[in-house]
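Read through the structure below, which is laid out as structure tokens, and then see the notes.
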Amino acid sequence: MVTGTVASTSKLVRFESAAAPGTIVVRTGERRLYLVLGDGRALRYVVGVGRAETQWSGSSRIAGKFIRPHWAPPAEIRRDNPRLPAVIASGSPSNPMGAAALTLSGGSYAIHGTNKPASIGGFVSYGCIRMHDADILDLYDRVSVGTRVVVTR
């Protein structure tokens, strides 16, 4: 189990969905991530999501789980910011991945912590889902590789 130094801001809420317990549902319009518990309940987290031109929707699965990962900016981000290095080391204040990352299959997206906590709740990323570091650590402990992730607008 991974532990953070700050308590998660998740909230137990009513959540009606056809999604199976254990599924992660991200509603970009709400800027909320739900971990479905079943019986009409979910844990809700506030998240930062993709800007209008970089949002996506669909279904994926968690492909990997990483604590304090290095970050290799995707080509699209490096094209927009050519001064970025090829890799930003774990722990660097300029590493946007934060305390942990859950990478998603089929693309270059992840659900991850952040080095910019004020961005949580906004339309701020290139398509990744940003969480407070305490929240990503909480979610990290609750899910496994293979967990289904559904992103809706």
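This table checks each residue for (1) among the hydrophobic types (A, V, I, L, M, F, W, C); (2) closer than 23 Å to T23 by Cβ.
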site	(1), (2)
N81	no, no
V87	yes, no
H112	no, yes
G122	no, no
I129	yes, yes
Y140	no, yes
S144	no, yes
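Of all residues in segment 134-150, how many are in a helix (DSSP H, G or I) and not hydroxyl-bearing (S, T, Y)? Adding up the residues that qualify gives 8.
Scanning segment 127-143 for residues that are touching a Lys or Arg at 6+ places or on another chain (Cβ under 8 Å) and surrounded by fewer than 18 Cβ atoms within 10 Å (Cβ to Cβ) yields a total of 0.
Per-residue answers, yes or no, for (1) farther than 14 Å from A134 by Cβ; (2) at pLDDT below 95:
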site: V2; (1), (2): no, yes
site: F15; (1), (2): yes, no
site: G22; (1), (2): yes, no
site: V26; (1), (2): yes, no
site: V36; (1), (2): yes, no
site: V46; (1), (2): no, no
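The values are calculated or read from the model by the stated rules, or taken from the named source; none is laboratory data. The shown structure was predicted, so the numbers you read here are calculated from the model rather than taken from an experiment. Virtual Cβ from ideal backbone geometry, glycine too; neighbours counted across all protein chains shown.
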